[in-house]
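The values are calculated or read from the model by the stated rules, or taken from the named source; none is laboratory data. Just so it is clear, the structure is predicted and the values come from calculations on it, not from any experiment. Because the Cβ atoms are built from the backbone with ideal geometry, glycine has one as well, and the counts that use them run over all protein chains shown.
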Amino acid sequence: MLSGEILVAPMTSPYHVPAMNMAKAIVTDEGGILSHAAIIARELGKPCVVGTVHATTSIRTGDRIRVRALPSVGHVEILSEQTVGDGK
């Protein structure tokens, strides 16, 4: 993972903290307000959307996405999809 990329994962654990520290934002399939991802993101001051259910199956490596994490609701939007053969 490169610094400034968005981390998309099924869930996070202490193993993910180095990547979370480098990430611009964090998105997980599972979790709630007291999940590991939410707590660490809050400590790091990173936007975080948890409990998306389908992020890891909908978002592919190389897709451009926007993450909006508000106090009561989160939104993840795919801006452009990585096409097969782009070499990335």
What pairs come up if the first residue lies in the range 16-45 and is on the phi > 0 side of the Ramachandran plot, the second is of a type in the set (Gly, Ala, Ser), and their beta carbons are under 6 Å apart, counting only those six or more places apart or on different chains?
-> 31/37; 31/51
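Quick grid of which residues meet (1) more than 12 Å from the chain's Cα centre (by Cα); (2) more than 20 Å from residue 71 (Cα to Cα):
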residue: 7; (1), (2): no, no
residue: 26; (1), (2): no, no
residue: 39; (1), (2): yes, no
residue: 45; (1), (2): yes, no
residue: 61; (1), (2): no, yes
Scanning the range 10-38 for residues that are among the hydrophobic types (A, V, I, L, M, F, W, C) and surrounded by fewer than 19 Cβ atoms within 10 Å (Cβ to Cβ), the one nearest to residue 58 (Cα to Cα) turns out to be 11
Would you mention how many residues in the range 4-50 are closer than 23 Å to residue 81 by Cβ and at pLDDT below 95?
-> 1
